């Protein structure tokens, strides 16, 4: 097992790969009682066209299958479900599906070994009857309708539809009511048989335990899974920088204060010399200083009573970078104009960089108080960067004023999509 | 973990020294009696004091200072226990052993006191720029609630059930209440507030607590002694009649709230086990089993019981055509509990879940500090002293507690005309 020192934080991680090929990351916290374990499958809502093994034809499944499968997984062959079994152990299990992966997690503080055995057992096992399929379909349909009544969720997905032409991020993760109604038992079986395999999964366990014992146990449990490795080919989706709609109004129920989202779609290749993790920090600094809590621009908009709130988001999706400025305002069109003007005139004071990096480093250090924070940090790094970043300190240390300005100069504002959320017309 | 109380005439300081965490937390708590007519201005002031001060006039100034302090955070909230209001001002910060600056501890500890005791008033009025920003934000918060079907349903169901009780009042107040607030009113309210509130400071972390207390004494310049006598438990009338309301709504999904009264709870551990068994986390609770797992009626069903308000509610989002079935299943869960129709396994699972969440609390700086506060205010046991009491709860204890839950109101917020039943 490899011991990985988390530079300058006096923390150690342990890394190993199971005999069947699944990578495992462990972090030991000797001061606490709790553990947090996540078993992650690189199967998200965007994975709807794929081939497995030597297949010649593409398999196409409806939107929402990854999420449906996540629901199905809790049912076990002996007629019980994993929730009941975790309840006996006094632990809290949960699961969620994103665009890119499915996560099964358990949070607890006693009998880690039994919890890990159960987690691995129910995620790697598969049990589905027609009756269970319909039971979960009913529950999921209510979940989807709940989402339809949530303006923020609706706004988010509608924004994605205006930005992405080909990328499956333009579809809801759980699918629509119609998608969910279309999903068949065979779609779910095919998805499980394709994506649930050790080389397409990884596990992260954080808490108070002996890492060698835990790794041996995980390996032993994974060895019980009789599975033959298959090659997965996802249909690649090319996404250029053109947005689908430059401006669009969408409507929600009972919207008293309109919302806006200004998204710039930028070619990732313009920033070839930077890694994604570096770009995320640089863009955080740039957008933070210009649109965040310390920006004079935001302060002015608040004082002029033009906005209620303003925030920003950075998202690197394969070949495109999305820089989004979002907020709520009674005068959304006027504010969007001001944001567009401000984007032409971005600047960062040199003295701010040091303070921001100090803050970011402080956040990392106190993140180590929380097994869930550390687990999520590793998980998101593996998903976003395909590697564990153990030297964030050096990453921060190398951030510099010259590159901040070089990146500002390269931001291409040609492709912009503006979405408004307004009150539903009667 | 070392608990200690430092008594001062105008305030008390409660400390928990522990090396378990990299971070530290301090809460300054100002308590006073709930007064319906002051809800909006009291909440406004709580926001205002964390937003601006004479030392840091703009929110931007506060955030820049916090960045310097390794990303410390400073914020406020307002909560109610029975007829007592708690205006809380919190600072989360990194333990000094991770910081290079010599005066870091004093800088971070003094910040909330500088904010609280030097409010940004000019000519007996709240600073107009900050006033406008906070006012707009609070009004927006009120308006956003209209977008939330769960909030709408539960709020109206509680209103129908308890009329003029404090639980009916929203934390922020209404738009009309907010419109009545003036910059001068905020100034005037502060003068009364700072003199009449009971003040406590709670702090946890790997800190030299004597040194911390000296810094607090240096900056917390309050000089009044206060009357600490509040009614913390509200009682509600129990009636046999259940009122039903069906109200038109605009949302895709119908929302159902079932509200009831909880009679005086004398056995707090049986009460907690009951809540875990009937509406605990996960899908094993009685309500989840009945509504979601066995009948696919909803994605989630929640039970919230507030001992100090003597009330509880159950909420779920459903297909409107399943309304009667859902109500019948919820009623049946409470009936079954009263009849003792729950298995030993269900009882054991509920206790395991509580034991586990208690242990989780011992790993949380926020929960440890909150527990110390509740230990002082409500005489609740410290987390470390709860384990055997949870284990000792019996089937009869839970059965007896279930008889204290009385349904009062069934409230259905119907789905909109164009969608709903399909």
I'd like the full set of residues that are in a loop (DSSP other than H, G, I, E, B) and surrounded by 17 or more Cβ atoms within 10 Å (Cβ to Cβ), limited to region A:205-229.
A:209, A:225
Evaluation of residue B:102 against (1) within 28 Å of residue B:201 (Cα to Cα); (2) out of contact with any helix residue (DSSP H, G or I) (no Cβ under 8 Å at 6 or more places or on another chain); (3) buried (at least 18 other Cβ atoms within 10 Å of the Cβ) (one fails), failing number
(3)
Candidate set: region A:342-367, residues that are more than 29 Å from the chain's Cα centre (by Cα) and free of Cβ contacts under 8 Å to residues at least 40 places away in the same chain; chosen: the one farthest from the other protein chains (Cβ to nearest Cβ)
A:345
Report, by residue number, each residue of region B:92-132 that is in a helix (DSSP H, G or I) and either under 24 Å from the mean Cα position of the chain (by Cα) or without any contact (Cβ under 8 Å) to a residue 60 or more places away in the chain (or both).
B:104, B:107, B:108, B:111, B:112, B:113, B:115, B:116, B:128, B:132
Within the bounds of region B:71-78, is there any residue that is farther than 25 Å from residue B:132 by Cα and either within 12 Å of chain A (Cβ to nearest Cβ) or out of contact with any helix residue (DSSP H, G or I) (no Cβ under 9 Å at 6 or more places or on another chain) (or both)?
yes
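Rundown of residues vs (1) modelled with pLDDT of 95 or more; (2) surrounded by 16 or more Cβ atoms within 10 Å (Cβ to Cβ); (3) in the same structural domain as residue B:49 (by TED's automatic domain parsing), yes/no style:
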{"site": "B:117", "(1), (2), (3)": "yes, yes, yes"}
{"site": "B:123", "(1), (2), (3)": "yes, no, yes"}
{"site": "B:129", "(1), (2), (3)": "yes, yes, yes"}
{"site": "B:134", "(1), (2), (3)": "yes, yes, yes"}
{"site": "B:139", "(1), (2), (3)": "yes, yes, yes"}
{"site": "B:149", "(1), (2), (3)": "no, yes, yes"}
{"site": "B:157", "(1), (2), (3)": "yes, yes, yes"}
{"site": "B:164", "(1), (2), (3)": "no, no, yes"}
{"site": "B:172", "(1), (2), (3)": "no, yes, yes"}
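For every residue, the table says whether it meets (1) over 28 Å from residue A:115 (Cα atoms); (2) touching a strand residue (DSSP E or B) at 6+ places or on another chain (Cβ under 7 Å).
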{"residue": "B:362", "(1), (2)": "no, no"}
{"residue": "B:368", "(1), (2)": "no, yes"}
{"residue": "B:381", "(1), (2)": "yes, no"}
{"residue": "B:389", "(1), (2)": "no, no"}
{"residue": "B:396", "(1), (2)": "yes, no"}
{"residue": "B:407", "(1), (2)": "yes, yes"}
{"residue": "B:412", "(1), (2)": "yes, yes"}
Give me the strands (runs of 3 or more DSSP E) completely within region A:232-329, filtered to those with at least 2 residues that are within 13 Å of chain B (Cβ to nearest Cβ), ordered by residue number.
A:247-252, A:309-317, A:320-328
Picking from A:66, A:82, A:95, which residue would you name as being more than 14 Å from chain B (Cβ to nearest Cβ), under 18 Å from residue A:192 (Cα atoms) and in contact with a strand residue (DSSP E or B) (Cβ under 8 Å, 6 or more places away or on another chain)?
A:66
Need the failing condition index for residue B:297 against (1) surrounded by 21 or more Cβ atoms within 10 Å (Cβ to Cβ); (2) free of Cβ contacts under 8 Å to residues at least 40 places away in the same chain; (3) not assigned by TED's automatic domain parsing to the domain that holds residue B:397, just the number.
(3)
Could we say that residue B:119 is in contact with a strand residue (DSSP E or B) (Cβ under 8 Å, 6 or more places away or on another chain) and within 14 Å of chain A (Cβ to nearest Cβ) here?
no
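If I go through region A:120-147 residue by residue, how many of them are assigned to a helix (DSSP H, G or I) and touching a residue at least 12 places away in the same chain (Cβ under 8 Å)? Walk me through how you get there before you give the answer.
As a first pass, look at region A:120-147 and keep what is assigned to a helix (DSSP H, G or I): A:120-124, A:130-147.
Within this subset, residues satisfying the condition of being touching a residue at least 12 places away in the same chain (Cβ under 8 Å) are A:120-124, A:130, A:132-133, A:136-137, A:139-141, A:143-145, A:147.
Total meeting the criteria: 17.
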Right, residue B:192: in the same structural domain as residue B:6 (by TED's automatic domain parsing), under 30 Å from residue B:92 (Cβ atoms) and surrounded by fewer than 16 Cβ atoms within 10 Å (Cβ to Cβ) or not?
yes
Selected residue (only one of B:89, B:44 is closer than 28 Å to residue A:294 by Cα, part of a helix (DSSP H, G or I), away from chain A (no Cβ under 14 Å) and touching a residue at least 24 places away in the same chain (Cβ under 8 Å)):
B:44
Considering only residues that are more than 14 Å from every other protein chain (Cβ to nearest Cβ), surrounded by fewer than 17 Cβ atoms within 10 Å (Cβ to Cβ) and over 24 Å from the mean Cα position of the chain (by Cα), which ones fall in region A:5-27?
A:5, A:7, A:12, A:19
Answer yes or no: is there a residue in region B:169-180 that is free of Cβ contacts under 8 Å to residues at least 12 places away in the same chain and out of contact with any helix residue (DSSP H, G or I) (no Cβ under 7 Å at 6 or more places or on another chain).
yes
Look at residue B:289 and say whether it is in the same structural domain as residue B:406 (by TED's automatic domain parsing) and either buried (at least 24 other Cβ atoms within 10 Å of the Cβ) or modelled with pLDDT of 95 or more (or both).
no
For region B:290-337, give me the residue count where each residue is more than 12 Å from chain A (Cβ to nearest Cβ) and within 22 Å of residue B:398 (Cβ to Cβ).
23
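Any chance region B:158-169 includes a residue that's within 14 Å of chain A (Cβ to nearest Cβ) and outside any helix (DSSP H, G or I)?
Checked against the condition, which is being within 14 Å of chain A (Cβ to nearest Cβ) and outside any helix (DSSP H, G or I), region B:158-169 yields no hits at all.
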Just to be sure I understand, how many residues within region B:1-35 are over 18 Å from the mean Cα position of the chain (by Cα) and either at pLDDT below 95 or closer than 16 Å to residue B:220 by Cβ (or both)?
12
Scan region A:69-79 for residues that are touching a strand residue (DSSP E or B) at 6+ places or on another chain (Cβ under 7 Å) and surrounded by fewer than 21 Cβ atoms within 10 Å (Cβ to Cβ) and report the count.
0
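The values are calculated or read from the model by the stated rules, or taken from the named source; none is laboratory data. All of these numbers come straight from a predicted model, not from anything done at the bench. Cβ coordinates were reconstructed from backbone atoms using ideal geometry, including for glycine residues, and neighbour counts include every protein chain displayed.
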